[in-house]
Amino acid sequence: MNLTALIVTWNRLPQLKNTVKATLALPFQNIVIVNNGSTDGTESWLEGLTESRIHLVHASKNLGGSEGFYLGSEYISKNIHTEWVVFYDDDAWPAKDFIQNFIELELNEPSIICAKVVDRKGNPCQMNLPWRRRTITFKDNLQYIFQPENFAVSANSSCEVISCSFVGSVVHASILKKTYNHIHRDLFIYFDDVYYGYYLHLQGFKLYYRPKLVMIHDIGDRITNNMATWKSYYLVRNMILSRVIFKSNSFFSINAIIFRIVKYLLVALKSQDKSYSVRLLFKAIKDGLQDNRTPLDR
C-alpha cells in the first residue's frame with residue numbers, strides 16, 4: 001500500500017525534528033513537508049536532509065495552515081503517484097503501528113479515514129475529534145456543552161462522520177486530486193479542515209472515524225491556557241463564513257453562530273485587554289458578514 005505523509009510547519013523547528021524522526025521510522029513511500037515561510041532556521045535544516053523520500057515545498061510567507069495544506073495537496077496531486085495521503089501538523093506524528101493498522105482496515109473503496117488523535121499522555125484531543133452531526137438549534141448547542149459525544153465522535157467508537165481534522169486524516173489520493181481546490185486556503189486557521197471534510201460529505205464521499213489508527217499530537221499545555229485573542233478572531237470570522245461558503249447547507253446554523261458569538265463575547269469581557277478583545281470580536285463579525293478573508297496584520 002502506497003502512503004504519503006503531508007506535514008505543514010511554521011516556526012516550530014524543535015517539534016518538527018521530532019515529527020520528521022517519527023515519520024521517517026515508518027514505511028511511507030513519500031513525505032511532503034510544506035514550510036510556511038518559517039524564520040527560525042527551518043528552511044536550512046530541511047534543505048540539509050538527505051532522505052530521498054522527502055519532498056520540500058517552501059512558501060515565501062506564512063499564510064496559515066490552510067494555505068500549507070492546500071499547497072501540499074496540490075504538490076502531491078501534480079507530482080506524486082500515491083494511493084493515500086496522511087495529513088498532520090509539525091507537532092504531531094503517527095503511532096508506530098499506524099500504517100500496519102491502516103493496512104488491516106482492508107479498505108475497498110476511496111474514502112476519508114479519521115484517526116484517533118491523542119496527546120502525549122494518551123488523552124483524546126478534543127480539538128481533533130470529527131463531527132457526527134451538526135448543532136443546529138439552541139437546544140443542540142446547550143446539549144453540546146454537556147454531552148459533546150452526541151455530536152462529535154466518542155473517542156473509542158468507530159462510526160461514520162461528516163467532517164475531518166487535518167491532524168490525522170487519511171484521504172484517498174483520487175479524492176484529493178479532484179477536490180483539493182476546496183481546501184479554503186484563505187481561512188488561515190480554524191475550520192479549513194472541518195469545511196473540507198464537510199464538503200466531501202456533501203459530495204457523497206464517505207468519511208469514517210477509526211480509533212484503531214492513532215496519531216500523537218504534542219499540544220503541551222494549550223488546553224489550560226487562554227486562547228490568544230487573534231485566534232478567537234479567526235474562529236468567529238470563519239464560523240460566519242460557513243454561511244458564505246455553503247449557503248443553505250452551512251455547517252454552522254444561525255442559531256449555532258449566535259450561541260458561539262455570545263460565548264466569545266463573554267470570554268472577551270473577561271480578558272486582560274477587554275477593549276481590544278471586544279473590538280476584534282466585532283471586526284470578526286463584520287469581516288465574516290462581508291466575506292473579508294484578508295489575514296490579520298499581527
query = What FRET efficiency would be calculated for the residue pair Leu289, Leu266, taking the C-beta separation as r and a Förster radius of 25 Å, to the nearest 0.05?
reply = 0.75
ask   = Hey, rough spin-label estimate for Ala155 and Asn181, points 7 angstrom out along Cα→Cβ, what's it come to in nanometres?
value = 4.0
key: Model label zone, Arg133; criterion: amide N under 11 Å from point 7 Å along Cα-to-beta-carbon; scope region 190-205   = none
inquiry  = Under 10 Å, Cα contacts only: if you run a Gaussian network model on the chain, which one of Met239, Met215, Met227 comes out with the highest mean-square fluctuation?
reply    = Met227
query = Given the Cα-Cα distance of Gln126 and Thr50 and 0.36 nm per residue of separation, how much length would full extension add, in nm?
reply = 23.8 nm
query = Given the options Glu47, Glu149, Glu74, which has the most mean-square fluctuation in a GNM of the chain, springs set between C-alpha atoms less than 10 angstrom apart?
reply = Glu47
message = If each residue of separation counts as 0.36 nm, what is the full-extension length gain between Leu142 and Asp273 once their alpha-carbon separation is subtracted?
response = 44.4 nm
task = May I ask you to give the solvent-accessible area per residue for region 38-157, in square angstrom, as obtained with a 1.4 angstrom probe?
result = 51
request  = Determine, at each q value in 0.12, 0.17, 0.25 (inverse angstroms), the log₁₀ of I(q)/I(0) that the Debye formula gives when each Cα of region 222-297 is one equal point scatterer.
outcome  = -0.32, -0.63, -1.18
inquiry  = In whole percent, and with a 1.4 Å probe on the protein chains, what portion of the accessible area of the chain is carbon and sulfur?
reply    = 51
task = Using Rg/Rh (Cα atoms, Kirkwood Rh) as the read-out, say which of (i) 0.95; (ii) 1.06; (iii) 0.97 was calculated from these coordinates.
result = (i)
query = How many nm separate the modelled label positions at Phe246 and Ser60, each set 7 Å beyond the Cα in the direction of the Cβ?
reply = 3.5
Whichever lysines have a C-alpha closer than 28 Å to that of Lys17, once near sequence neighbours (fewer than 8 apart) are set aside = Lys61, Lys78, Lys96, Lys116, Lys121, Lys212, Lys231
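The values are calculated or read from the model by the stated rules, or taken from the named source; none is laboratory data. A quick note: this is a predicted structure, and the numbers were derived from the prediction, not measured. Note that we place each Cβ from the backbone using ideal geometry, even for glycine, and neighbour counts take in every protein chain shown. We work out accessible area using only protein heavy atoms, side chains counted, and drop any ligands, DNA or RNA first. Shrake-Rupley method; radii C 1.70, N 1.55, O 1.52, S 1.80 Å.
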